[in-house]
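The values are calculated or read from the model by the stated rules, or taken from the named source; none is laboratory data. Note that the coordinates shown come from a computational prediction; the quantities given were computed from them, not determined experimentally. Here the Cβ positions follow ideal geometry from the backbone for every residue, glycine too, while neighbour counts run over all protein chains shown.
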């Protein structure tokens, strides 16, 4: 888990190929990011898509210029090597996983770093709330909802949502806590009846793992960073690269620095 | 409705017996208060009860000394005459309604002014949310819940809650808005399944009027200022005086001044 490493030390291990897996629980207190890399020709519309859909796509940093491999706002980063595992999509379809991007890098690529739920989960846990996917040691369940995103050029689609079951009083507290963190998905987008947002069966998530939901709990739904993948499927850019689920970019930003109050 | 009168002008009309009814919609923008008046011997425990139960009993002002009829923090007030209608309880049981307290006043009486839901309803309406009891022109439905208050001396009992139905996204927004106003009941205490807090039938409130609940709405429950009346029934002080429901003390404080952020 390398939970005692600083973000910079952990990135050096990742860059050296010594850490190639999940970053959940690594470098506690520090922001981890979803990554989307696109050719410059597609970058402006994707940036507009993030701007128009800040709950699923909270943009924390963008390359200063096409081809830049650094993201200085987030730390001393080489985006070609500092994510443990990448996914490559061609024309919207998954092609392969890669450990680094040295062979694939092009001078027209633009990198987008988006906030991730690890940051708000840490704030919920610090408040004593049970985060079911954490306490059950699985990936959070995620669902394709019927909540539409605002389209931007070719980027469009419905929102993917993550779900954490909670008793009502804890759900209210979670709304208060997450409201402080708009840069990492912010307050939930729905709670209660899943059919109202187009989810037929909570026990069969579209991504991640099912979790236990107790009789006295409500499902609480957050906008999810997998949403851009649905938009990429729809837009079908010739090349798109993302992090592999759970294998995030670990940054030098502190989660507490993202709190708006 | 006298909605164009300043709080001070409205209180002068009330003091003169020219306004003896509901204050809902009067002096918009200004805080209205629930009132509890008790003999000094009971005041310390009641103050502790409010301190221990700030959501149902958010204390905004207390008499400086027994027998004082002024509440200078809230305006130029004579508490014997500035509430449109009072209720008198003897040994915990309702005895009568009165238009003023001149004949009843005793030098040992202590006045407590508590925040009221009118303040947060104004904030919800200002954000464009539908507040069902307002849009249907009735009193908010209130229920005796199974949520226990923290006891203080003889004062004890369960929380009374008010209910406003909302779609989930509006409920989430309402939680954010009401979180800014801890002095007027703050964030909701429950939402969803009413049986989890001991409410058998939403269509038969214990106080106030039933409201329409749509298929796609959740009931959202707030701690309610009627809770002290339940505690008074339990404590059975020889004399207790409250405002009559809906006939509040109108103060010079602005609702916006109660926002903690």
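Things worth noting here:
- Residue in segment B:102-110 that is closer than 21 Å to residue B:227 by Cα and in contact with a strand residue (DSSP E or B) (Cβ under 8 Å, 6 or more places away or on another chain) present: yes
- Test: residue A:128 is over 18 Å from the mean Cα position of the chain (by Cα) and outside the structural domain of residue A:86 (by TED's automatic domain parsing): yes
- Qualifying residue in segment A:149-157 (condition: modelled with pLDDT of 95 or more, within 14 Å of chain B (Cβ to nearest Cβ) and under 19 Å from the mean Cα position of the chain (by Cα)): no
- Number of the condition not met by residue B:230 [criteria: (1) at pLDDT below 95; (2) closer than 30 Å to residue B:6 by Cβ]: (2)
- Test: residue B:237 is assigned to a loop (DSSP other than H, G, I, E, B) and within 20 Å of residue B:53 (Cβ to Cβ): yes
- Entirely in segment B:81-149, the strands (runs of 3 or more DSSP E) that have 2 or more residues that are surrounded by fewer than 22 Cβ atoms within 10 Å (Cβ to Cβ): B:86-90, B:93-98, B:142-148
- Selection from segment A:161-180 of residues that are within 11 Å of chain B (Cβ to nearest Cβ) and not in a helix (DSSP H, G or I): A:166, A:167, A:180
- For segment A:56-71, the criterion of being crowded, with 16+ Cβ neighbours inside 10 Å, touching a strand residue (DSSP E or B) at 6+ places or on another chain (Cβ under 7 Å) and at positive phi is met by none of the residues.
- Taken as a whole, the condition of being in a strand (DSSP E or B) and buried (at least 22 other Cβ atoms within 10 Å of the Cβ) does not apply to residue A:211.
- Among the conditions (1) in contact with a helix residue (DSSP H, G or I) (Cβ under 8 Å, 6 or more places away or on another chain); (2) within 14 Å of chain A (Cβ to nearest Cβ); (3) within 29 Å of residue B:10 (Cβ to Cβ), the only one that residue B:220 does not satisfy is (3).
- Among the residues of segment A:188-197, at least one is outside any loop (DSSP other than H, G, I, E, B), within 14 Å of chain B (Cβ to nearest Cβ) and out of contact with any strand residue (DSSP E or B) (no Cβ under 8 Å at 6 or more places or on another chain).
Residues checked against (1) outside the structural domain of residue A:43 (by TED's automatic domain parsing); (2) without any contact (Cβ under 8 Å) to a residue 24 or more places away in the chain; (3) surrounded by fewer than 22 Cβ atoms within 10 Å (Cβ to Cβ):
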position: A:152; (1), (2), (3): yes, no, yes
position: A:160; (1), (2), (3): yes, no, no
position: A:173; (1), (2), (3): yes, no, yes
position: A:182; (1), (2), (3): yes, no, yes
position: A:193; (1), (2), (3): yes, yes, yes
position: A:215; (1), (2), (3): yes, yes, yes
